[in-house]
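To start, the structure under review is shown below, and the notes come after it.
The values are calculated or read from the model by the stated rules, or taken from the named source; none is laboratory data. Since the model is a prediction, treat every value here as computed from it, not as a measurement. Cβ atoms come from the backbone with ideal geometry, glycine included; neighbour counts cover every protein chain shown.
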Amino acid sequence: MLALLGILAIGSLGGSPIKSLAAALIGLMIALIGVDPLTGTPRLSFDQPILMTGIDFIPVVIGVFGIAEVLASLERIESVKPIKTRLRDMWLTMDDWRKCRFSIIRGGFIGLFVGIMPGAGASIASLLSYLTERKFSKNPEAFGHGAIDGVAAAESANNAASHGAAIPMLSLGIPGSASTAILLAALILHGIRPGPQLMSQESALVWGLIASMFIGNLFLLVLNLPLAPVFAALLRIPYVYLAPAILGISLVGAYAATLDMATVWMSLAFGVLGYAMIKFDVPRPPLVLALVLASLMETSLRQALLLSFGSPMIFVERPISAILLVAVLAAIALPIIGAVRRRRGAPKPVGLGGDE
């Protein structure tokens, strides 16, 4: 129910709920390719070895966001004036703080919540926070053109999710992201078993890890501010030369993830899909979120039905599940109600003949 609520929530936050949910359905269909998680039988693989292991998250993201954006940007190449920045111009003014103070708070809570969920990650937290902030903003048309509250929300969620992923890892031994999975493996190699007793048995380690997160953020601040003019100087390179470099780095990253050329071809295929979504104004974040949450949703659904011998009443017998079910129904109903109200409130067209 929680995974389904996440998919429906991001679907209702986009420009068109129908297009957002259609993108989420595409993500769910992509996630079904591979091996059944419970029975181990292949499905939708068409006897192709490349599809037996399923579609990985990395080629989808690289294709849908990286390659597709390059293809779309090549259509609208404009002469970009070099940006001149100084270190003193990098500090936020009081007006900037006023504009993004609530964005930071909302993004922090969303990032923390998403970070605690195993498998979601900082990327999903950033996308969800960005779309949420666009919904709350009084000027949503400014998003995508440098709106400071959108940047603040996404970055706050990104940082909060990275730290929130450490909560289930330290308390339950369940990694919330790829980085915490590596950290979990390192702790186990040193004979430290994360779990409920870790805080009392290894308190110095836990508090040292928490302190390192504060120190890491401080180092990010010290490094990023002086280097911001260097990053901005990249815009002086004509985009016709920059685009092939971006495309090459994306494909190298796709290959490095699995050391398999099949991942590169998948990235190119999803790049074409992402380009088509841009052309038809279909939001891309719901596809990625559905792909991430599909495994959790399917496995949990089938386990619940096995425990209840196929009875759907298991979803209303527990209060938390029942509350989430109500939230899911509300996420489905609210966009429909809003569309009906807008249609009723729209002015009727004036007839060409008669007394109107």
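Quick notes
- Any chance G191 is assigned to a loop (DSSP other than H, G, I, E, B), of a type in the set (G, A, S), modelled with pLDDT under 80 and surrounded by fewer than 15 Cβ atoms within 10 Å (Cβ to Cβ): yes
- Residue in segment 193-200 that is more than 29 Å from R101 (Cβ to Cβ), free of Cβ contacts under 8 Å to residues at least 24 places away in the same chain and small (G, A, S) present: yes
- The residues of segment 194-207 that are surrounded by 11 or more Cβ atoms within 10 Å (Cβ to Cβ), assigned to a helix (DSSP H, G or I) and not aromatic (F, W, Y), listed by number, are L198, M199, Q201, L205, V206.
- Within segment 22-91, helices (runs of 4 or more DSSP H) holding 2 or more residues that are within 17 Å of L287 (Cβ to Cβ) and modelled with pLDDT under 85: 57-61
- In segment 164-184, the qualifying residues are those that are surrounded by fewer than 20 Cβ atoms within 10 Å (Cβ to Cβ) and more than 12 Å from P194 (Cα to Cα), and the one that is modelled with the lowest pLDDT is A178.
- Residue check for A181: assigned to a helix (DSSP H, G or I), aliphatic (A, V, I, L, M) and closer than 30 Å to L92 by Cα: no
- Residue check for I246: at pLDDT 75 or above and in contact with a helix residue (DSSP H, G or I) (Cβ under 8 Å, 6 or more places away or on another chain): yes
- For segment 281-292, the condition holds for no residue, the condition being that it is surrounded by 13 or more Cβ atoms within 10 Å (Cβ to Cβ), free of Cβ contacts under 8 Å to residues at least 60 places away in the same chain and not hydroxyl-bearing (S, T, Y).
- Residue in segment 293-306 that is of a type in the set (V, I, T), under 21 Å from the mean Cα position of the chain (by Cα) and under 29 Å from P17 (Cβ atoms) present: yes
- Unmet requirement for V222, which otherwise passes all of (1) in a helix (DSSP H, G or I); (2) surrounded by 11 or more Cβ atoms within 10 Å (Cβ to Cβ): (2)
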